[in-house]
Amino acid sequence: MSKTLVTLHVNERAYEVAVRPQDTLALALRDGCGLTGTKVGCDLGTCGCCTVLVDGRPVLGCLTLALEVEGRRIETIEGLAGAERLHPVQKAFAECGGSQCGYCTPGFVMTSVALLRTNGAPSRDEIKEAIAGNLCRCTGYAKIVDAVEQAATELRQAGNEASPTTDAHRSGGSNDARLQGRRQPATARR
Amino acid sequence: MTQDFKVVGSRPPLVDSWKKVTGQAVYGDDVRFPNTLICRLLRSTQPHARILRIDTSRAAAMPGVRAVVTGADAPARFGVLPISQDEEAMATDKVRYIGDIVAAVAADDEAAAAAAVDAIEVVYEKLPEYFTTAEGLDPVEEPIHAWTVDGSNVQKRVDQHFGDMDGALEQAAVKPRAFFDFIGVGHAFTEPHAVTAVPEADGRLSLYTPTQVPHYVHRALAKVLDMPLHRVRVFRTAVGGGFGGKSDPFPHEMCACLLARRTQQPVRLTFDLEEIFLTNRGRHPGTYDVQVAFDEHGRMLGLDAAAIIDGGAFASFGVVTTYYNGVLSQGPYKIPNFRYSGRRVYTNKAPCGAMRGHGAVNARYAIESVIDMAAEELRIDPIELRLRNVLEPYSKTTNEFRITSNGIRECLERVRDETGWQGKKGKLPLGKGIGVACGFFISGSALPIHKTRTPQSTVHLQIDIYGGITAHSQGAEIGQGSDTVIAIAVAEVLGVPLDFVRVRSEDSDTAPLDLGAYSSRGCFMIGNAAREAALVIRDKLARAAERLTGHAAGDFDFRDAEVFARSDASVRVSYFEALTEALADNGALIAKGWYQSPRMGGTFKGAGAGLAPAYSFSACIAEVDVDLETGLVKCTAMALAHDCGRALNRLAVEGQIEGCMHMGLGQALLEEMRYDRGRITNPNLLDYKILGPFETPDMKVIIVESEDKEGPFGGKEAGEGPLICVLPALGNALYDAVGYRSRQLPVRPERVFEHLRKLRRAEAGMSKTWGATGR
Ligand code: FES
Ligand code: FES
């Protein structure tokens with residue numbers, strides 16, 4: 001199948017990537033941009049490992065087509081650190097033991113970053129709600145929730161975190177139903 | 001051994017977690033080489049069939065296809081255990097399960113590889129199919145493998161008898177017996193299998209693979225590829241979860257290597273999630289028939305058990321599993337009389353193998369359930385009954401396991417006291433319940449899989465003028481924290497901050513041999529090897545300090561990057577001064593430490609199975625809330641006390657224990673591999689559910705430190721043992737809640753519901769009444 005050249009704006013850099021119509025964002029990031037920090041666990045929308053942010057909102061890279069996000073603002077795990085330090089969420093995941101094998105970690109970190117931009121002081125239940133679409137087989141989630149709490153505290157103390165994105169997000173962002181509809185807990189009760 | 005440690009016992013982040021939180025860690029599918037081909041596999045669509053013909057000619061001629069290989073290209077058999085080498089890179093004469101590899105293709109891209117796989121023609125002749133253990137116990141028309149017992153599908157039989165079991169049963173005041181049925185579960189690690197094979201310019205072959213057992217992969221590759229061991233290199237990538245699911249050398253690893261050698265190009269192969277379920281290697285399904293005998297004082301007289309486990313199509317670790325289902329029942333209680341019969345039966349389903357708590361989990365559920373039944377009959381509190389029977393520290397089991405440090409008593413007492421057990425047990429309203437169970441596990445298998453006198457773990461250290469310490473080891477970091485154990489041991493001994501140490505554990509070209517991440521051996525064996533190596537370095541630095549100060553080397557201690565005299569604090573040099581002196585006229589400091597288990601155990605057949613240099617102990621209390629309308633069981637709280645000897649890294653130990661609770665509860669409540677005539681029907685994470693954040697209860701972790709005399713700084717395992725007591729604690733809590741003893745796992749809400757309906761009919765006779773819940 002023939003490929004189309006698209007420009008993906010990832011971590012504030014433009015990547016020209018040749019994609020087939022059916023190529024997912026996760027594939028384009030990994031193979032096209034060389035950003036292998038975004039993981040693919042199930043490729044079916046069930047594990048959350050592939051979570052990245054599009055216009056500030058967490059989406060599943062394996063259920064999003066590369067073609068649909070041309071020109072949108074994409075953030076991945078590789079783009080979080082800056083100013084000679086890790087993002088507080090990254091730091092907290094390491095310090096609190098929120099990462100063991102680490103394969104789920106980029107997805108959890110991105111999901112948590114998005115949460116903390118809209119809710120600076122989430123309760124433990126709100127954190128669980130936010131991460132309910134991500135699966136972790138190693139940690140039992142407790143230390144992941146600890147990590148998000150710690151990061152929230154640190155961010156509050158620092159007094160800010162990229163409010164422009166917060167505003168963009170609040171004011172509507174995308175209308176794409178799939179992007180908005182991703183918050184399906186992967187483990188809905190049987 | 002009361003010492004004040006600096007690093008040991010602290011809560012450092014895992015040393016490899018920084019690259020994991022930044023996306024820098026390189027997992028199987030993240031390995032990128034130029035000019036790489038993509039591999040896809042043709043898998044059997046038949047559960048059991050003879051291969052009459054494979055025609056690859058059309059596939060091989062397709063555009064973009066570089067090579068196609070079949071079983072004929074590498075017929076040598078392999079397997080993780082030398083005694084049961086029954087696997088092939090690809091099926092040669094017949095296929096044995098749906099998913100068995102038949103052919104492999106390397107092509108320029110994924111699409112070309114997939115198209116070529118579709119173009120391969122295979123003609124099968126169907127053979128009789130066997131999906132249950134029952135039909136394989138006696139001779140069958142077409143045994144799944146040629147070397148089964150007497151023409152049946154039985155792969156392994158274990159029969160053990162210690163003492164006089166029949167006598168014990170005769171004497172017993174109570175002797176509850178029950179029959180249990182366990183459905184298979186899978187590891188559900190998040191990273192699918194993904195490997196890259198690279199033909200090196202000098203004719204060697206490298207395999208990049210997320211494996212728990214690089215050394216066993218190395219051996220199997222050499223055998224199947226018919227290459228000398230030194231021409232093969234295994235590079236362990238970051239491993240996205242193992243839990244035993246990456247502890248076999250795999251056929252797909254062989255396929256990628258064969259194709260790389262054939263094409264002289266790197267070959268990458270990544271499974272999709274369905275293939276993970278298709279090829280399984282998870283916990284064995286099986287049945288467990290168990291009877292326990294107690295006298296009227298609640299002293300355990302004996303245990304009589306029979307396990308029949310469903311191995312699937314290949315042996316994998318199955319011989320060990322067959323033993324473990326019996327021998328790991330020998331603790332944590334003193335069991336004077338013991339009888340066990342185990343059978344592992346091949347079936348035409350995906351192979352089962354090792355999974356966290358290997359061989360001990362289902363058996364433990366059964367045993368702790370009948371112990372609970374005995375407690376009820378004897379009218380003794382279940383914790384009290386257990387306390388009356390636990391093994392003493394530094395004792396021996398009936399089958400001659402050498403028990404060293406043992407904190408089981410403290411584990412039980414602490415979960416009891418820290419959950420308010422006394423106020424809850426038997427006192428909760430209908431629908432709410434509390435249950436207890438114990439666990440027991442090996443802290444590293446004392447016997448290596450291959451008979452050899454090479455140490456089980458070796459660690460090399462190297463320090464140059466920069467001061468950083470490089471530790472080389474083949475210990476397989478899989479997220480459990482083994483690299484961090486090395487760093488902690490070295491930093492502790494040399495009195496330097498943790499970030500002075502970097503661990504290189506990936507590459508078989510530089511890493512001294514280690515047997516890998518299985519049998520919970522890492523902490524004990526690698527930890528000891530690292531500590532030994534660091535002591536050698538410490539000695540060199542102390543002698544350098546002696547040359548600098550004139551003070552006796554033996555009096556120096558190491559702390560905060562300083563070397564100082566214990567008897568005179570004014571005599572001190574910095575770590576760097578000592579190092580510079582030690583390097584003078586000498587060059588980089590190097591040292592080696594190794595670990596080998598002491599000789600131990602009995603002389604009877606099978607005496608080696610389950611031997612370990614130390615054992616871990618645990619106790620768990622679960623609290624449940626049963627929905628009386630639907631039968632749905634929710635675990636509301638869990639407390640688990642685990643004796644890990646000493647927590648070298650408290651953060652990691654807590655993480656392991658929490659992960660064990662999560663995984664154990666998953667098996668108890670939700671997880672099951674469902675098969676329909678050999679075909680798995682739920683090969684994805686929507687239909688095979690693992691617990692999410694809301695289904696995981698509040699978890700209380702209690703670390704018990706019995707300080708093992710032989711463990712590194714007193715440490716023992718914490719990665720697997722804690723899982724074992726989780727399931728029976730849940731089962732016993734369910735019984736306490738509604739009087740329903742689940743003899744099958746996972747607990748099915750419909751069965752609980754059925755039970756509740758019967759209860760409702762017999763309402764009048766119950767001590768717990770519907771009235772208690774306001775109905
Ligand atoms: S890889 Fe996208 S949800 Fe699993
Ligand atoms: S850390 Fe391994 S899956 Fe979450």
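Residues of the stretch A:30-64 that bury at least 40 Å² of accessible area once all protein chains are present, compared with their chain alone (1.4 Å probe, heavy atoms only, ligands and nucleic acids left out), are A:30, A:36, A:39, A:41, A:46.
One Cα centroid belongs to the stretch B:171-218, the other to the stretch A:27-97; the line between them spans 29 Å.
Out of all Cα-Cα pairs in the stretch B:429-483, roughly what percent, to the nearest whole number, are more than 15 Å apart? Result: 73 percent of Cα pairs exceed 15 Å.
With viscosity set to 1.567 mPa s and temperature to 4 °C, compute the Stokes-Einstein D of the stretch B:679-769, Rh being the Kirkwood radius across alpha carbon pairs; µm²/s, no decimals. Provide the component values of the computation, followed by the final result.
Numbers: Rh = 17.2 Å.
Result for D is 75 µm²/s.
Toward the positive end of the charge dipole of the protein assembly as shown, with +1 on the Cβ of Lys and Arg and -1 on the Cβ of Asp and Glu, the farthest Cα among A:90, B:10, B:442 is that of B:442.
Checking every one of the chymotrypsin sites (Phe, Trp or Tyr not before Pro) in the stretch B:202-304 against DSSP loop status and a limit of 15 other Cβ atoms within 10 Å picks out no site at all. Cut-off under 12 Å on the C-alpha distance; same-chain residues fewer than 8 positions from residue B:334 excluded. Which aspartates and glutamates are left, in chain and number order? Excluding near neighbours in sequence, the set is B:392, B:400. Note on residue B:175: aspartates and glutamates with a C-alpha under 14 Å away, same-chain residues under 8 apart excluded, are B:166, B:289, B:295, B:296, B:304, B:368, B:372, B:376, B:377. Note on the stretch A:88-163: the C-alpha convex hull projects to 4.3 nm² when averaged across all orientations.
Computed from Cα atoms alone, the Kirkwood hydrodynamic radius reported for chain B is 27.4 Å. Only the Cβ atoms of Lys and Arg (+1) and of Asp and Glu (-1) were treated as charged; on that basis the dipole of chain B about its Cα centre amounts to roughly 720 debye. Distance from the C-alpha centroid of the stretch B:689-724 to that of the stretch B:296-363: 22 Å, rounded to the whole angstrom. Counting only other chain Cβ atoms within 10 Å of each residue's Cβ, the peptide B:235-245 averages 3.
In this Cβ point-charge picture (+1 for Lys and Arg, -1 for Asp and Glu), the stretch A:4-79 has a dipole of about 100 debye about its Cα centre. Accessible area per residue of the stretch A:88-163 at 1.4 Å probe, in Å²? Roughly 27 Å² per residue, with all protein chains present. Note on the stretch B:1-128: the alpha carbon radius of gyration divided by the globular reference 2.2 N^0.38 Å gives 1.58.
Partner chain Cβ atoms within 10 Å, averaged over the residues of B:626-637 - can you pull that number for me? Walk me through the intermediate numbers first.
Values: counts 0, 0, 0, 0, 0, 0, 2, 0, 1, 0, 0, 0.
Per-residue shielding by partner chains comes out at 0.
Please give the total accessible area that chains B and A bury against each other, computed with a 1.4 Å probe and expressed in Å² to the nearest 100. It would help to have the intermediate numbers written out before the result.
Working: alone 28220 and 9620 Å², together 33550 Å².
Counting both chains, the buried surface is close to 4300 Å².
Determine by what factor the alpha-carbon radius of gyration of the stretch B:357-493 differs from 2.2 N^0.38 Å, reporting the quotient.
Numbers: Rg = 21.5 Å, N = 137, 2.2 N^0.38 = 14.3 Å.
Ratio of Cα Rg to 2.2 N^0.38 Å: 1.51.
In Å², and per residue, what accessible area does the stretch B:488-531 have when probed at 1.4 Å with the other protein chains present?
Details: 1120 Å² over 44 residues.
Value returned for the stretch B:488-531: 25 Å² of accessible area per residue.
Taking only complete DSSP H runs, can you tell me which helices of chain B stretch 30 Å or more along their own long axis by Cα positions and average at least -1.0 on the Kyte-Doolittle scale?
Working: long enough: B:527-549 (32 Å, -0.19).
Those that pass (Cα extent of 30 Å or more, hydropathy at least -1.0) are B:527-549.
Taking 19 Å as the straight-line reach from the Cα of residue B:349, the lysines in range (excluding those fewer than 8 positions away in the same chain) are B:94, B:126, B:156, B:246. Projecting the Cα atoms of B:713, B:664, B:737 onto the charge dipole of the stretch B:634-775, computed from C-beta unit charges around the Cα centre, puts B:737 farthest toward the positive end. Within the stretch A:71-106, the residues that become at least 50 Å² less accessible when every protein chain is included than when their own chain is isolated (1.4 Å probe; DNA, RNA and ligands ignored) are A:94, A:100, A:101, A:103.
What do you get for Rg/Rh over the stretch A:28-109 if you use C-alpha atoms and the Kirkwood form of Rh? Can you show the working numbers first?
Working: Rg = 12.7 Å, Rh = 13.2 Å.
Dividing the radius of gyration by the Kirkwood radius yields 0.96.
Solvent-accessible area per residue in the stretch A:4-79 equals 34 Å², computed with a 1.4 angstrom probe and all protein chains kept.
Computed over protein heavy atoms with a 1.4 Å probe, the carbon and sulfur contribution to the accessible area of the stretch A:88-163 reaches 45%.
Taking a temperature of 4 °C and a viscosity of 1.567 mPa s, what whole-number D in µm²/s does Stokes-Einstein yield for the stretch B:102-179 with Rh from Kirkwood over alpha carbon pairs?
Values: Rh = 18.1 Å.
Taking Rh from Cα pairs, D becomes 72 µm²/s.
Would you work out what percent of the accessible area of chain B, with all protein chains in place, is carbon or sulfur (probe 1.4 Å)? Walk me through the numbers on the way to the answer.
Values: 12940 of 26140 Å².
C and S fraction of accessible area: 50 percent.
Restricting attention to chain B, give the cysteines that have no other cysteine Cβ less than 4.7 angstrom from their Cβ. For chain B, the answer is B:39, B:255, B:257, B:352, B:411, B:438, B:523, B:635, B:644, B:660, because their Cβ atoms have no other cysteine Cβ under 4.7 Å. Just from its helices, what would the mean residue ellipticity at 222 nm be for chain B, if runs of 4 or more DSSP H residues each count -39500 (n - 2.57) and the sum is divided by every residue, rounded to the nearest 500 deg cm²/dmol? Calculated from helices alone, the mean residue ellipticity at 222 nm is -8000 deg cm²/dmol. Shape annotation for the stretch B:523-623: C-alpha extents along the principal axes are 57, 40, 23 Å, from largest to smallest.
Across the protein assembly as shown, Cα-Cα distances exceeding 57 Å account for 10% of all pairs.
Counting only DSSP beta bridges with both residues in the protein assembly as shown, tell me the antiparallel percent, nearest 5.
Values: 113 of 147 bridges.
Percent antiparallel among DSSP bridges in the protein assembly as shown is about 75.
Report note on the peptides B:321-327, B:717-723: ranked by the mean count of other C-beta atoms within 10 Å, highest first, their order is B:717-723, B:321-327.
The values are calculated or read from the model by the stated rules, or taken from the named source; none is laboratory data. Please read all numbers here as calculations on a predicted model, not as lab measurements. In this analysis, Cβ positions are derived from the backbone assuming ideal geometry, glycine residues included, and neighbour counts consider all displayed protein chains. Note: areas computed on protein heavy atoms with side chains; ligands, DNA, RNA excluded. Shrake-Rupley method; radii C 1.70, N 1.55, O 1.52, S 1.80 Å.
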